[in-house]
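Contents: one structure, followed by commentary.
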Amino acid sequence: MRLKDKAAIVTGAARGIGEAVVYRFIEEGCRVTLCDMDGDALNTVAAKVKELGGSCLTAMGNITDRNFVQRMVEDTVSAFGSLDILVNNAAITRDAILHKMSEQQWDEVIEVNLKGSFNCLQAAAIPMRQQQSGSIINVSSTSRFGNPGQLNYSAAKGGVVAMTRTAAIELARKNVRCNCISPGTIWTDMLKAVTESVLETLRAGIPLGRFGDPKEVAELAVFLASDESTYLIGQTINVDGGSFMI
Amino acid sequence: MSLEICLDGKVAVVTGAGRGIGKAIAVALAQAGADLVLAARTTSQLVETAKEIHALGRRALDVPTDVTSKDQVEQLMAQAVNKMGGLHILVNNAATMAPAALVEQTEEDWDKVLDVNLKSMFLCTQAAARYFIDARYGKIINMASTGGMIAGPMNASYHASKAGCILFTKSVAVELIRYNINVNAVGPGFVDTALVDQFVQKKTRSSMTKFIPIRRFANPVEIAKPVVFLASDLSSYLVGEHVVIDGGLTVL
């Protein structure tokens with residue numbers, strides 16, 4: 001097993017990419033703290049983890065609350081004995097085109113997607129620096145290259161890449177790695193709200209000709225969390241079926 | 001339950017497999033369960049790599065090959081298919097270097113570097129792709145370099161060849177994905193190999209380490225394991241990516 005005896009926190013664990021990451025981590029022998037705002041969905045995922053024979057904690061709360069994040073990290077370390085992996089995945093969308101975007105829509109997305117990721121990154125780095133090992137995986141998006149209607153989201157996700165690079169340089173000397181996953185169009189609830197004609201346009205822009213499966217993103221997270229990627233520092237890897245080969 | 005990355009039943013061709021990163025890749029692929037076809041010019045080194053792979057209980061075929069020769073490359077792929085029963089993975093790893101000041105670089109050396117590092121990728125990819133397209137399956141991993149992203153003096157031929165490799169990878173990736181062939185690249189930074197020992201003095205080496213956030217050169221295994229990931233079906237949604245493995249060198 002590729003993550004045997006490691007302990008992880010996965011934010012946004014109740015659905016989509018986060019949920020897929022949880023199951024793959026459990027299958028690879030990792031113990032996981034599941035973080036999400038949606039308590040019911042979180043309990044459903046936790047029940048499935050138990051079915052797989054895995055062990056997990058649940059942390060229901062909001063990553064914009066620094067006290068909550070601090071407690072989650074402490075609870076993880078005391079339950080599992082270490083914190084080896086953080087998957088900074090929780091994110092929201094509040095789409096609107098520029099001239100219709102409200103200040104609140106801007107603020108909410110930056111608050112959760114960028115500040116929330118910073119909160120988790122900063123809190124998780126404390127035990128990782130002490131134990132002089134760890135792998136932090138931030139989740140950006142190919143929207144960072146620009147996506148109409150997502151001014152707030154693309155700005156936050158671009159910020160996540162810059163944050164990854166800086167954190168990576170700072171943490172490298174403590175043997176803590178920080179890298180980033182940049183998913184393209186992945187078949188999750190976020191996408192299921194989109195109309196069929198828009199889906200068709202999106203699909204046409206993917207050389208592979210289909211949307212990604214959350215599991216395909218989870219496989220990249222396993223790789224970056226494992227000791228197979230010990231020399232990867234500050235990288236952002238697109239998992240997008242070839243949509244953006246930049 | 002999924003276990004370690006599994007390449008059981010797959011046949012991989014690795015060029016430049018006699019030493020350094022290529023040898024580490026060949027061994028790592030064999031550890032994951034693949035059978036190997038090893039290509040390089042120097043027979044004695046290939047035999048050594050083959051021995052290590054046999055010791056892992058995998059098949060290994062050593063094929064002395066000049067990767068700049070179209071005929072020899074076509075022979076290589078044909079032997080993989082005929083003697084090993086298939087061809088699933090190609091790792092374009094063979095490379096060379098001829099550092100020199102621009103005004104002193106000979107045309108011969110320029111051609112040699114571009115032929116070994118870039119033209120070989122075209123020849124090997126073309127020859128392998130014919131089998132991959134028929135099978136509607138294939139994984140191609142090209143060895144690029146951080147030298148293809150950032151510049152340095154006295155080595156223009158190498159930098160040009162590796163920059164070419166990155167865009168070659170992306171162009172071929174977008175063309176071949178319709179046949180279920182994943183093409184990606186890996187970009188190592190400074191790695192502990194004989195090539196580095198040959199061209200980099202010890203003093204220079206320790207001053208270079210200061211520019212690497214992780215403060216050390218890579219072990220070849222740290223390049224080989226990501227190649228195994230890209231050679232597996234776990235990376236099915238990665239298309240035309242250049243995965244940089246440099247300890248943060250190009251991030252700083």
Anything in the stretch A:94-127 that is hydroxyl-bearing (Ser, Thr, Tyr) and either surrounded by 19 or more Cβ atoms within 10 Å (Cβ to Cβ) or assigned to a helix (DSSP H, G or I) (or both)? List them, or say none. A:SER117
So if I check each of B:ALA50, B:ALA26, B:ALA39, which one is in contact with a Cys (Cβ under 9 Å, 6 or more places away or on another chain) and small (Gly, Ala, Ser)? B:ALA39
Does A:SER135 meet the test of being in contact with a helix residue (DSSP H, G or I) (Cβ under 7 Å, 6 or more places away or on another chain), of a type in the set (Gly, Ala, Ser) and not in a helix (DSSP H, G or I)? yes
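Of the residues that make up the stretch B:46-55, is at least one in a helix (DSSP H, G or I), farther than 19 Å from B:ILE89 by Cα, over 15 Å from the mean Cα position of the chain (by Cα) and among the β-branched types (Val, Ile, Thr)?
Checked against the condition, which is being in a helix (DSSP H, G or I), farther than 19 Å from B:ILE89 by Cα, over 15 Å from the mean Cα position of the chain (by Cα) and among the β-branched types (Val, Ile, Thr), the stretch B:46-55 yields at least one hit.
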Within the stretch A:1-15, take every residue that is among the basic types (Lys, Arg) and within 14 Å of chain B (Cβ to nearest Cβ) and give me the one that is surrounded by the fewest Cβ atoms within 10 Å (Cβ to Cβ). A:LYS4
Residue list for the stretch B:222-252, restricted to those being under 14 Å from the mean Cα position of the chain (by Cα), within 21 Å of B:TYR137 (Cβ to Cβ) and more than 7 Å from chain A (Cβ to nearest Cβ): B:VAL227, B:VAL228, B:LEU230, B:ALA231
Can you tell me which of (1) within 9 Å of chain B (Cβ to nearest Cβ); (2) under 19 Å from B:TYR237 (Cα atoms) is the one A:LEU224 doesn't meet? (1)
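Could you say whether any residue in the stretch B:198-206 is surrounded by 20 or more Cβ atoms within 10 Å (Cβ to Cβ) and of a type in the set (A, V, I, L, M)? Steps first, answer last, please.
Applying the first criterion (surrounded by 20 or more Cβ atoms within 10 Å (Cβ to Cβ)) to the stretch B:198-206 yields none.
No, because not a single residue in the stretch B:198-206 is surrounded by 20 or more Cβ atoms within 10 Å (Cβ to Cβ) and of a type in the set (A, V, I, L, M).
Residue-wise test of (1) of a type in the set (S, T, N, Q); (2) surrounded by fewer than 16 Cβ atoms within 10 Å (Cβ to Cβ).
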| residue | (1), (2) |
| --- | --- |
| B:ALA30 | no, no |
| B:ALA50 | no, no |
| B:VAL63 | no, no |
| B:LYS70 | no, yes |
| B:GLY85 | no, yes |
| B:ASN92 | yes, no |
| B:LEU102 | no, yes |
| B:GLU107 | no, yes |
| B:LEU114 | no, no |
Can you list the helices (runs of 4 or more DSSP H) found entirely within the stretch B:140-251 that contain at least 2 residues being within 21 Å of B:GLY16 (Cβ to Cβ), of a type in the set (A, V, I, L, M, F, W, C) and modelled with pLDDT of 95 or more? B:156-176, B:220-231
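Do you know which of the residues in the stretch A:152-190 that are basic (Lys, Arg) and not in a helix (DSSP H, G or I) is nearest to the other protein chains (Cβ to nearest Cβ)?
The residue in question is A:ARG173.
The values are calculated or read from the model by the stated rules, or taken from the named source; none is laboratory data. Remember, predicted model here, so these are calculated numbers, not experimental data. No Cβ is skipped: glycine too gets one built from the backbone with ideal geometry, and neighbour counts run over all protein chains shown.
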